[in-house]
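The values are calculated or read from the model by the stated rules, or taken from the named source; none is laboratory data. Note that the structure is a prediction, hence the values are computed from the model and not measured. Reconstructed Cβ throughout: ideal geometry from the backbone, glycine too, with neighbour counts over all protein chains shown.
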């Protein structure tokens with residue numbers, strides 16, 4: 001009877017440990033994916049600023065205005081898509 005109780009306790013502890021490991025792994029994956037998306041958006045935003053060749057405040061206002069206009073024409077796209085479209089349009093207009 002005692003051996004059975006000890007085995008049951010060990011199994012419960014092992015289950016709890018595995019559940020904690022799984023939860024931590026899921027949190028890690030979520031956070032790293034979120035950071036990559038945010039850093040890509042940040043990099044695209046900075047590239048838009050650079051190509052606009054305006055003071056930062058004016059560049060940000062211009063980018064926001066372009067995103068608003070693009071959202072009207074192309075709804076339900078990601079912010080990355082809008083920023084990439086702005087960069088594409090800037091490049092196209094410079095040719």
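Every condition in (1) surrounded by fewer than 12 Cβ atoms within 10 Å (Cβ to Cβ); (2) assigned to a loop (DSSP other than H, G, I, E, B); (3) on the phi < 0 side of the Ramachandran plot; (4) within 18 Å of the chain's Cα centre (by Cα) holds for residue 76 except the one numbered (3).
Residue count for segment 38-73, restricted to those that are in contact with a helix residue (DSSP H, G or I) (Cβ under 7 Å, 6 or more places away or on another chain) and surrounded by fewer than 11 Cβ atoms within 10 Å (Cβ to Cβ): 1.
Before we move on, is residue 54 outside any helix (DSSP H, G or I) and more than 14 Å from residue 85 (Cβ to Cβ)? So residue 54 passes the test.
Checked across segment 26-33, the condition of being exposed (fewer than 14 other Cβ atoms within 10 Å of the Cβ) and either modelled with pLDDT of 95 or more or in contact with a helix residue (DSSP H, G or I) (Cβ under 9 Å, 6 or more places away or on another chain) (or both) holds for no residue.
The listed residues are 23, 86, and the only one of them that is surrounded by 14 or more Cβ atoms within 10 Å (Cβ to Cβ) and part of a helix (DSSP H, G or I) turns out to be 86.
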